[in-house]
Amino acid sequence: MHPKSFFTLVLILASTFSYAQLSIPTLSLEYEAVAIDPAALPDIEAQIGANAHCVRVYLRIPEFWECQALFGDMSGALSVSSSTSFYQNNLGGPTPLDLSLAELATSPSASFDSWLTIGDEDADNNLMVVVPSNAVFADFEAGGDIFINDLFGASLFVPSDLLIAQNTIDADGRILISQFTTTGSVDACYNFQIRQFNSDGTLFDPPGPETTLVYQFNDQCINIPAPFVQPTYCDFDFDQNGFIGTSDLITLLVQYGCQTNCAIDSNGDGDTGIEEILFFLVAFGNSCP
């Protein structure tokens with residue numbers, strides 16, 4: 001090969017490699033707490049118990065990229081679980097497509113329904129589509145977990161050929177993807193497909209035969225711990241006789257080791273473990289008014 005031709009080829013390969021390196025986006029997950037309206041607490045506590053907390057999960061991606069889809073299939077599981085259970089309002093569904101602005105205005109507790117989404121928190125002007133149907137989230141709607149990793153899978157996607165606000169970053173550089181209300185901790189793993197746009201809102205057309213630049217990210221996970229709840233002596237008066245004694249210790253030991261939906265969970269972390277034993281030792285021998 002002529003030296004000049006070889007040098008030109010190296011430049012082309014280097015340019016292609018540099019372009020590919022620069023074009024690969026990064027993403028991350030984060031969450032923040034949502035204050036629960038006191039007017040909503042009676043309904044929430046009647047379903048899942050005391051010490052409920054609400055959190056929203058966000059996807060952070062670069063500017064001029066969209067989240068096309070949030071999904072689970074054989075390539076990666078969509079997995080969402082609580083150490084206790086999820087609050088599900090009877091007006092809502094597994095996504096905000098079931099919640100109108102009118103319903104949210106008339107029912108304080110509906111605003112704290114648990115759901116998955118891409119960028120929107122109600123049904124009004126929501127372009128999101130659920131495939132195949134809400135039926136795949138039946139366990140979640142009953143307060144249980146989500147686990148989808150089969151051949152057919154399930155997907156939330158927002159169809160659009162132009163850059164729109166719903167599935168692109170907000171002023172804080174992120175996209176809303178979930179809301180969970182629970183008394184325990186939450187573990188969630190998602191899969192995403194994201195696509196690049198030009199700054200004028202048109203689809204980005206990369207060099208080569210591809211007409212769009214699309215990336216898939218599997219197994220993007222986040223853990224959301226339950227908020228710490230300081231127990232009191234009376235939390236350990238299990239027989240409610242006004243004294244923390246031997247009978248209460250026996251009750252605690254029977255429950256020790258429970259991992260989910262535990263009858264005894266004094267600090268709200270979702271299980272009955274060594275923390276409960278330590279708290280009990282402090283409370284032992286005290287009276288409870």
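The values are calculated or read from the model by the stated rules, or taken from the named source; none is laboratory data. Predicted model, so just to flag it, every value in this text is computed and none were measured. Please note: Cβ atoms are built from the backbone with ideal geometry, for glycine as well, and neighbour counts cover all protein chains shown.
Remarks
- Here the condition is being among the aromatic types (Phe, Trp, Tyr) and crowded, with 17+ Cβ neighbours inside 10 Å; of 233, 256, it holds for 233 alone.
- Neighbours by Cβ (under 9 Å, 6+ apart or cross-chain): first from the range 228-256, on the phi > 0 side of the Ramachandran plot; second buried (at least 16 other Cβ atoms within 10 Å of the Cβ): 240/288; 242/288
- Pairing residues of the range 128-143 that are assigned by TED's automatic domain parsing to the domain that holds residue 67 with residues that are surrounded by fewer than 17 Cβ atoms within 10 Å (Cβ to Cβ) and among the aromatic types (Phe, Trp, Tyr), at Cβ distances under 7 Å and at least 6 apart in sequence or on separate chains, gives 132/152.
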